[in-house]
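Asks: Pasting in a structure now, in structure tokens, and then I'll have a few things to ask.
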Amino acid sequence: MTYQGKVREIAAARSARAAETGLHPLGATDVVIGKDILELLSSAMYIDPMSIYREYVQNAADAIDEARRSGQLAPDDVGRVELNIEPASRSVRIRDNGTGIPWPDFVRRMSALGASAKRGSRARGFRGVGRLGGLGYAQELVFRSRTSGETEVAEIRWDCRKLRTLLRAAERGDITELLTDVVTAGRVAATDYPERFFEVELRGIVRLRADRLMDPAAISDYLGQVAPVPFSPEFQFGSEITAALDGVVAVGHVHLSVSGIEGPVYRPHRNTFAIDEKSQATFSDLEIVEYPGVDGGIAAIGWVLHHDYEGAIPNAAQIKGLRLRCGNMQVGDSILLEDLFPETRFNSWSVGEIHVVDPRILPNGRRDHFEQNAHFHNLLNHITPTAREIARRCRTGSIKRRLLRDFEIHRMGVAERLDIIGQKSVGAAKRESIAHDAERSIVEMEKIAESSLIEAETAGDLRDSVQSLRSELAGSLKGKSLPRSPLARLPHEKRAMYEHLFELVYECSTNRSAAKALVDRIITKIT
């Protein structure tokens, strides 16, 4: 059925219902769209001001994808997005080499509210409101475009300062009146402009906390996490992840540059990441997971990078958490899926992403979550086992580290006891008691070395350490390789007195190493 036929069918159904119920559809004059709707679609839309850069880069990526499909960009041509920051004028310009918008469509599309032509397509954005995000953070918002063959550049300007003044005014008015007051459009000379491009320029950007909207490093770090940019060539798993996604996910990588930052923007993942100022962790292996849809097919494909799971990954690493992406753009933040973990803290120990490919699972208007429906909740149910497996690895890693710490504590304890035995500063009965304590620690060390949680190579090293200590203990009990007692030259009664004193020192001290040092000093004095 054609679109017009569908409209006639709906109109006929409405007429029949009106005749039956006595209720009639609203007329065009009954509908009023107030000016406040524009505030809801701009400054009130996004919680994080940095989201405006995500929206503009997303639109640029869509334009580049369309340029590839239409043949305006060859497969080997680079899709470029340039973000240029001008500190003096507090301006930011984001330009792409996508299709551009032809002049006959430009004004209508750039002044429309929520009437995107991309709905139903493969584009990432489809609601037609993302470009309005900059209205709340600049004095003026300018859009420009040129398509191949056009001799002039199309331009439309939004007076953001005047817009905010009119929105605060008490007078009522509709959206059309507001737009005619704050929006101007026309065509300008194409001098110094590319043959084909689209750009948005934010002029007079407002100064917010830490001035992040004008900070090249902050912008680059943010877009490196959320935008469709490639992995760094230095990241050993990057090509493997990209190959796994290819054919399933429209990756659509763009070459994104930010003025003031050397080189293109890459994803933040590297082979290692800092745990703290002193230590680093290394990714050991990659896991690829496919998640089925409600009625078959793939709803999403994900990857998880495994490591030693030593604890929560610092925020500075910019990679922590199991994250969701759609169209290779991040949706939400690093904690969006934390409730799927048996303990939410384990989400911050993980590194991974899940790319949604089911067209029935859609990001919400703010892209901070997904629309709630059966397909999305089915996906969450299938992701839960992944979260549980990560939690299991976290717990296993924690237990393994505790076992290794216990092994080291026992090893140090045995070494200290062997030093005391070798010192020959206590009586034979006390030395035998100390040797028994050492043997008990060695038995515990053996149990740890045989644990199934310890890798084979590490377990072999632990067994070697146990065997070495056991041999040394056996030799000490037989008196082999032990020096003559430093108290041997003392009279029997005096020697027995000192041995008893030294036994008390060891029994009363909580630090055997410090106690041995004290006994050594006393022996030096009396001998």
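Asks: Inside region 337-360, can you point out the residues that are among the aliphatic types (A, V, I, L, M) and either touching a Phe, Trp or Tyr at 6+ places or on another chain (Cβ under 9 Å) or open to solvent by 10 Å² or more (accessible area, probe 1.4 Å) (or both)?
Replies: L340, V351, I354, V356, V357 - these are the residues of region 337-360 that are among the aliphatic types (A, V, I, L, M) and either touching a Phe, Trp or Tyr at 6+ places or on another chain (Cβ under 9 Å) or open to solvent by 10 Å² or more (accessible area, probe 1.4 Å) (or both).
Asks: Follow-up. Out of (1) touching a residue at least 24 places away in the same chain (Cβ under 8 Å); (2) within 25 Å of H375 (Cβ to Cβ); (3) within 12 Å of the chain's Cα centre (by Cα), what's the single condition that is false for S334?
Replies: If we test S334 against (1) touching a residue at least 24 places away in the same chain (Cβ under 8 Å); (2) within 25 Å of H375 (Cβ to Cβ); (3) within 12 Å of the chain's Cα centre (by Cα), just (1) comes out false.
Asks: Taking the conditions exactly as written (more than 25 Å from E140 (Cβ to Cβ) and at pLDDT 95 or above), does G224 satisfy them or not? Break it down stepwise before answering.
Replies: Values: more than 25 Å from E140 (Cβ to Cβ): yes; at pLDDT 95 or above: yes.
Yes; evaluated as a whole, the condition is true for this residue.
Asks: Among the residues of region 425-450, how many are more than 18 Å from S465 (Cβ to Cβ), of a type outside the set (G, A, S) and open to solvent by 50 Å² or more (accessible area, probe 1.4 Å)?
Replies: 3
Asks: Restricting to region 451-476, give me the number of residues that are without any contact (Cβ under 8 Å) to a residue 12 or more places away in the chain, open to solvent by 60 Å² or more (accessible area, probe 1.4 Å) and either over 30 Å from L501 (Cα atoms) or of a type in the set (D, E, K, R) (or both).
Replies: 8
Asks: Only one of these is without any contact (Cβ under 8 Å) to a residue 12 or more places away in the chain, in a helix (DSSP H, G or I) and of a type in the set (S, T, Y): S398, S433, S441. Name it.
Replies: So the residue among S398, S433, S441 that is without any contact (Cβ under 8 Å) to a residue 12 or more places away in the chain, in a helix (DSSP H, G or I) and of a type in the set (S, T, Y) is S433.
Asks: I want to confirm something. Restricting to region 117-132 and keeping residues that are buried (at least 19 other Cβ atoms within 10 Å of the Cβ) and not hydrophobic (A, V, I, L, M, F, W, C), which single residue is modelled with the highest pLDDT?
Replies: Top of the filtered list is R131.
Asks: Moving on to the next point. Restricting attention to region 47-87, report how many residues are within 16 Å of G224 (Cβ to Cβ), of a type in the set (A, V, I, L, M) and part of a loop (DSSP other than H, G, I, E, B).
Replies: 1
Asks: Quick one: is P104 at pLDDT 90 or above, farther than 23 Å from L202 by Cβ and of a type outside the set (K, R)? Walk me through how you get there before you give the answer.
Replies: On the way: at pLDDT 90 or above: yes; farther than 23 Å from L202 by Cβ: yes; of a type outside the set (K, R): yes.
It is true that P104 is at pLDDT 90 or above, farther than 23 Å from L202 by Cβ and of a type outside the set (K, R).
Asks: Tell me, please, whether a residue that is more than 23 Å from the chain's Cα centre (by Cα) and over 30 Å from V356 (Cβ atoms) can be found in region 209-226.
Replies: Checking region 209-226: not a single residue is more than 23 Å from the chain's Cα centre (by Cα) and over 30 Å from V356 (Cβ atoms).
Asks: While we're looking at this one, here's another question. Test each condition in (1) surrounded by 13 or more Cβ atoms within 10 Å (Cβ to Cβ); (2) of a type outside the set (S, T, Y); (3) touching a strand residue (DSSP E or B) at 6+ places or on another chain (Cβ under 8 Å) for L167 and report the one that comes out false.
Replies: (3) is the only condition that L167 fails.
Asks: While we're on this one: May I ask you to list the residues in region 55-101 that are among the charged types (D, E, K, R) and modelled with pLDDT of 95 or more?
Replies: The answer is R80, E82, E86, R90, R93, R95, D96.
Asks: Looking only at region 133-160, count how many residues are in contact with a strand residue (DSSP E or B) (Cβ under 8 Å, 6 or more places away or on another chain), free of Cβ contacts under 8 Å to residues at least 40 places away in the same chain and surrounded by fewer than 20 Cβ atoms within 10 Å (Cβ to Cβ).
Replies: Total satisfying the criteria: 2.
Asks: Can you pull out every residue in region 496-522 that is surrounded by 13 or more Cβ atoms within 10 Å (Cβ to Cβ), of a type in the set (D, E, K, R) and under 12 Å from K430 (Cα atoms)?
Replies: E499, E503
Asks: Ok, one more. For region 252-301, enumerate the residues that are in contact with a helix residue (DSSP H, G or I) (Cβ under 7 Å, 6 or more places away or on another chain), part of a strand (DSSP E or B) and closer than 30 Å to E86 by Cα.
Replies: L256, V258
Asks: Is it true that some residue in region 223-238 is touching a helix residue (DSSP H, G or I) at 6+ places or on another chain (Cβ under 8 Å), within 30 Å of G297 (Cα to Cα), open to solvent by 20 Å² or more (accessible area, probe 1.4 Å) and not basic (K, R)?
Replies: Checked against the condition, which is being touching a helix residue (DSSP H, G or I) at 6+ places or on another chain (Cβ under 8 Å), within 30 Å of G297 (Cα to Cα), open to solvent by 20 Å² or more (accessible area, probe 1.4 Å) and not basic (K, R), region 223-238 yields at least one hit.
Asks: Restricting attention to region 332-388, report how many residues are outside any loop (DSSP other than H, G, I, E, B) and small (G, A, S).
Replies: So the answer is 4.
Asks: Just checking, which of R402, R388, R393, R411 is surrounded by fewer than 16 Cβ atoms within 10 Å (Cβ to Cβ), closer than 30 Å to M445 by Cβ and not β-branched (V, I, T)?
Replies: R402
The values are calculated or read from the model by the stated rules, or taken from the named source; none is laboratory data. Model, not experiment: these values are computed from the prediction. Quick reminder, even Gly has a Cβ in these numbers, built from the backbone with ideal geometry, and neighbours come from all protein chains shown. Just so you know, the surface numbers come from the protein's heavy atoms only, side chains and all, with ligands and any DNA or RNA stripped out. Shrake-Rupley method; radii C 1.70, N 1.55, O 1.52, S 1.80 Å.
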